[in-house]
Structures are given as structure tokens and as C-alpha cells.
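Shown next, in C-alpha cells, is the structure this report addresses.
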Amino acid sequence: MRAQGIETVRRILCIFPRYTSSFGTFEYAYPLTDGVQAFMPPQGLLVIAAYLPENWPVRFVDENIRATTKEDFEWAEAVFVSGMHIQRNQLNDICRRAHAFDLAVAIGGPSVSACPDYYPAFDYLHVGELGDATDELIGRLARDPSRPDQQVVLKTADRLDMSRFPIPAYELAEIKRYFLASIQYSSGCPYQCEFCDIPGLYGRNPRLKTPQQITAELDKLLECGVTGSVYFVDDNFIGNRKAAVELLPHLVEWQKKTGYVMRLACEATLNIAKRPEILEKMREAFFITIFCGIETPDPDALKAMHKDHNMMVPILEGIRTINSYGMEVVSGIIMGLDTDKPDTGEALLAFVDESRIPLLTINLLQALPKTPLWDRLERANRLIDDEARDSNVDFLLPYDQVVSSWRKCMEVAYQPEKLFARFQHQVDFTYANRLKVPVTPEQKTWSNIKRGLVMLAKIFWKVGVLGDYRKVFWKFALPRLRHGDLEGLIGPALIAHHLIMFARAASTGRQNASNYSLRLREASVPAE
Ligand code: SF4
């Protein structure tokens, strides 16, 4: 649904800020693609854009793709922004630029919802999810778009039921410029891991869209030209298992109907390995990747962070089970935990070898506001506000020791030989278990073929000819070529290139040790 009953017309400029260069945005892979410039389209801002009154013109700028121009600001009557803590400096910078044009600026999204005090200069703070605060904001701007005399804070008390959410305005985004497309089915998570702000922000009882909304959103992504990977950004895809079970048959049908042009991915807790009936349906729906917050292989550490649910099946067994349904596991890992010991780095590297997981996002622990971890460390006077550090946590081990252990792990885990060996394992024991989808006319479009050829040419030239790890690359690539398995070649080659390049920068101190670090780094792929 959209906001109703507004007659006045306002021009709204929605701006999504740049990300600080980070492990999780895959930017080193972009030069090997057919023009990707940003990671994922921002769900929240595109939902708000779709919710605005029908007669309000909306312009959307993702500053990861291009900078907002003078003409954009001159066109607008008000500016909306949204973002995460990591984008805090960039969010405040957009506010400053918009104010130079005397525009009212409203901020919403997860960062301001957790920490309104990070944003003192904004005119409107939209705290919480889509709901009565959104209607109030729209009503105020309809009456008067000029900047209010003082900051107005609007808090959502009555959230809009997710079954009434509009389809995100994907058509406003340059959707083909993104590495992945995104979609959201649910919000919230029933668990309470100590470091995580999701239950505090979005609740423990997941809220849901309907399966029909999801297939309609997939239809729209398809209309906008998306073929490739679609990521369910739900905090935990099985946060409500019954809902996941209800959705999956709809996804299976949708894939059959549209010719399997989309590969699906999601985030879920590792105990999904105990649900073969869900895994089997996910396989049929062509899910190929699951991000699991494994965090650490150390059972004591999992207990201490209240992530016991990761131990419902032995971790390695859980990974193998997921792999056996054709899904690769991507793992989140945290270093700098109170339970870490001097040999934690070595234990982690042994886990990387044993698990055969190619892609692990290894971060230093960061205390996020509104989490039990934050409260505990604040009580113990162990929070450090220093942007020169890669974490705001006063670790129990010396800071330099933790950072150098992180660097060592990045360096060793992403050595080309080791990484491609793990990808080879995935080819043999995971990808081999994927659904054998028919090659459909929808997949064999000229634009898909062209896209694949462009990527192959760039990979062959930049990695296979010019790359310093070309020998390792060809050892992996040649059998793939002989089998005609271009997909099994292109995907790993793109990801591996990012991981190898990022890890080299990280191990020499040129990248942050935390996805949440506010230290600004220039993205290696500058926005135009
Ligand atoms: S399971 Fe994941 S989303 Fe849920 S509380 Fe833990 S870390 Fe957060």
C-alpha cells in the first residue's frame, strides 16, 4: 500500500550513501563484471520510495554508483536518506550537502533507529520501521517542505504490517549495476546473540510478508532485468520455520514458471541443518548459498555469546549437511571475543581448512549500541570511542595482538592455493548436488550470453593473463572449461579475486578489521 489522502505534490530525492570499502561489498570483483558498481540495492529506502503518495515524484541516487548532482538537489523539495552505522559519516555528509541547498533532510533506517544522537544536524529523524512515523513525516512535508526550526524526532509506535508493504521501487534503481539483487520476506529473529542488534531493533517474533508478495517482488525484479543472484536479506530465513515452509513451494513454482533464471541466497542459523524438509525444498527452489553466522568454532565462546543454537548439530556436520543439498555455506567469523586465547587464530585457520568453506567474513568484534554486549562492556568500562581503532571493544588480549592475529588469518585463509582448493571441494561436493535445472530459453537470452562472455573475457585477461596467481587460477579453471561448466568457473573466479585482493590489503594494514569500523577508506572502485 501507499500513503493515502495527500493532495499536495512534493519532489523527494532519496539518497543512499557510499559504503566504506569493506570485505562484504565485493568491490574488487566489480572490474571483472559487465559494469557492476555497487553491492545490493537498499531495501529500506526503496520501500519508503514506493510508499510515498502516488503523485509524488521520486528520484533515487545510490552514491555507490554516482554522486548526487547539483541538479538533483535543485530538483528536490526534500531529501530522504537511510543507512547503517558504517555509513554514519557519509550520511552526515549528505545532510550537510543538502542543507547547502536549504533542503529539509529526513533520515531513517537501522543506524538512526538505534542511535538518534549520531545525527544531530538532520531536520527529521525517523526512528523505527515503516508505520505511523512515516505517515507523520509525509503529512508534515505535504503541509510545509521547508526546514523546521529545530530537529523533529518521529518514532514509529504503530508499525505497518509487512503484509501491507508495497513492492520496493526497484524500477528507480539501476538494478543491473548491482552485484546482487535483494528481497525481504521477514524481519526479526527469535534468538538473542549477545553482539547482535537485530532482536532489539526488529523484535524476536519475526514479522512476515505473504508468499504472494514475494513472488510479485520477484516478478518485478525480473521485469527490471535481474537475472542472476537474489539475496533474501531476512535476518534469519528460518526465524519463523513455519513461514519458511509455507513460502518455499511458492518459490519452487515461481522458478519452474520463469525458467530458473534466478539463483537464491539467504541468511539462516546453522541449525537449519536439522531441517532436511526445509533444505530439500530450498534445493528445489534453487537456493545455492546460505550465510550462517558460525562466529567461532569454539563451543565455550558460542555459549558465552548465547549462540548455543549453533551447537545443535556439530558444526562441521551441519556444514556438510547443507552442502549435500547443493548449498554453499558462507560463514561469519568474529575475532576478539573474551574467550579468545593466544592460539585462537591457529584454531580458526584449522577450522577454515576442515570446513572447506571458501568465503568467511572474518571481523573483529564490535559492540553495537542497543545490544547486550554493549551494555555489558559499558558496565565494565570497556568501550573505547576512538575512530583510529578497528573496534570499539577493549579486548582482554592486547589490541595489537588481536589485530595482528586477524591479519595473519586473512593472509593465510585467502592464499590463492588454499582458496581455490576450497572452491574445488565445493565444485565436487556441493555444486554437484545442486538441482539440475533445464537450460531454458529464458536463460539463453542474448543479454545473458553477452554478460557471461564479457565476464569470461575480463577474468581470462585480468586474472588468467595479467594476474600473479594465474597458475593457480588455470589449475581450477581448465577442468571447468573442459566440462563446459562456465557458471562453476565465473562465480568462484569473481569471489576469489575479491577475497585474494582484499586479504592482501588487509594483511598489510590497508583494510579495516571490522565491517563496522568507521575508519574511512577510499573504495577501490570510485563512484562516477
Ligand atoms: S541468530 Fe543471527 S540474527 Fe538472530 S540474534 Fe543471532 S546473530 Fe542476530
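Details
- Test: residue in the range 309-316 that is away from the ligand (no atom under 16 Å from the Cβ), hydrophobic (A, V, I, L, M, F, W, C), open to solvent by less than 60 Å² (accessible area, probe 1.4 Å) and modelled with pLDDT under 95: no
- Across the range 195-221, the number of residues qualifying as within 16 Å of the ligand (Cβ to nearest atom) and either small (Gly, Ala, Ser) or assigned to a helix (DSSP H, G or I) (or both) comes to 6.
- Only listed residue being among the polar types (S, T, N, Q), touching a His at 6+ places or on another chain (Cβ under 7 Å) and either more than 16 Å from the ligand (Cβ to nearest atom) or part of a helix (DSSP H, G or I) (or both), chosen from Ser163, Ser146, Ser111: Ser111
- Single condition Lys458 does not satisfy, out of (1) in contact with a helix residue (DSSP H, G or I) (Cβ under 7 Å, 6 or more places away or on another chain); (2) open to solvent by less than 40 Å² (accessible area, probe 1.4 Å): (2)
- Among the residues of the range 178-194, those identified as within 11 Å of the ligand (Cβ to nearest atom) and either more than 20 Å from the chain's Cα centre (by Cα) or farther than 22 Å from Asp158 by Cβ (or both) are Pro190, Tyr191, Gln192, Cys193, Glu194.
- Selection within the range 339-367 - in a loop (DSSP other than H, G, I, E, B) and either closer than 23 Å to Ile319 by Cβ or open to solvent by 50 Å² or more (accessible area, probe 1.4 Å) (or both): Thr339, Asp340, Lys341, Pro342, Asp343, Arg356, Ile357, Pro358, Leu359, Leu365
- Considering the range 295-308, the residues that are part of a helix (DSSP H, G or I) and either touching a residue at least 24 places away in the same chain (Cβ under 8 Å) or of a type in the set (A, V, I, L, M) (or both) include one that is farthest from the ligand (Cβ to nearest atom), namely Asp300.
- Residue match in the range 135-144 (condition: closer than 20 Å to Leu46 by Cα and under 26 Å from the mean Cα position of the chain (by Cα)): no
- Of all residues in the range 377-392, those satisfying the criterion of being open to solvent by less than 50 Å² (accessible area, probe 1.4 Å) and either in a loop (DSSP other than H, G, I, E, B) or of a type in the set (D, E, K, R) (or both) are Arg382, Arg389, Asp390, Ser391, Asn392.
- Filtered by the rule that a residue be in a helix (DSSP H, G or I), open to solvent by less than 80 Å² (accessible area, probe 1.4 Å) and in contact (Cβ under 8 Å) with a residue 60 or more places away in the chain, the range 422-431 gives Arg422, Phe423, His425, Gln426, Val427, Tyr431.
- Unmet criterion (only one of (1) part of a strand (DSSP E or B); (2) within 15 Å of the ligand (Cβ to nearest atom); (3) open to solvent by 20 Å² or more (accessible area, probe 1.4 Å)) for Cys292: (3)
- The range 222-235, residues that are more than 17 Å from the chain's Cα centre (by Cα) and either assigned to a helix (DSSP H, G or I) or aromatic (Phe, Trp, Tyr) (or both): Leu222, Glu223
- Candidates Asp102, Asp117 - the one that is part of a loop (DSSP other than H, G, I, E, B), surrounded by fewer than 16 Cβ atoms within 10 Å (Cβ to Cβ) and acidic (Asp, Glu): Asp102
- Of the set (1) open to solvent by less than 20 Å² (accessible area, probe 1.4 Å); (2) free of Cβ contacts under 8 Å to residues at least 24 places away in the same chain, all apply to Ser111 but (2).
- Restricting the range 255-270 to residues that are outside any loop (DSSP other than H, G, I, E, B), open to solvent by less than 50 Å² (accessible area, probe 1.4 Å) and within 16 Å of Pro438 (Cα to Cα), the residue that is farthest from the ligand (Cβ to nearest atom): Thr258
- Candidates Lys436, Lys370: the one that is more than 30 Å from Lys256 (Cα to Cα) and either within 25 Å of the chain's Cα centre (by Cα) or assigned to a loop (DSSP other than H, G, I, E, B) (or both) is Lys370.
- Of all the listed residues (Val252, Val245, Val233), the sole one being away from the ligand (no atom under 16 Å from the Cβ), open to solvent by 10 Å² or more (accessible area, probe 1.4 Å), touching a residue at least 12 places away in the same chain (Cβ under 8 Å) and among the hydrophobic types (A, V, I, L, M, F, W, C) is Val245.
- Residue in the range 171-209 that is farthest from Asn240 (Cα to Cα), counting only those that are open to solvent by less than 50 Å² (accessible area, probe 1.4 Å) and among the basic types (Lys, Arg): Lys209
The values are calculated or read from the model by the stated rules, or taken from the named source; none is laboratory data. In this text, all values refer to a predicted model and were calculated from it rather than measured experimentally. Every residue, glycine as well, gets a Cβ built from its backbone with ideal geometry; the counts of neighbours run over all protein chains shown. Just so you know, the surface numbers come from the protein's heavy atoms only, side chains and all, with ligands and any DNA or RNA stripped out. Shrake-Rupley method; radii C 1.70, N 1.55, O 1.52, S 1.80 Å.
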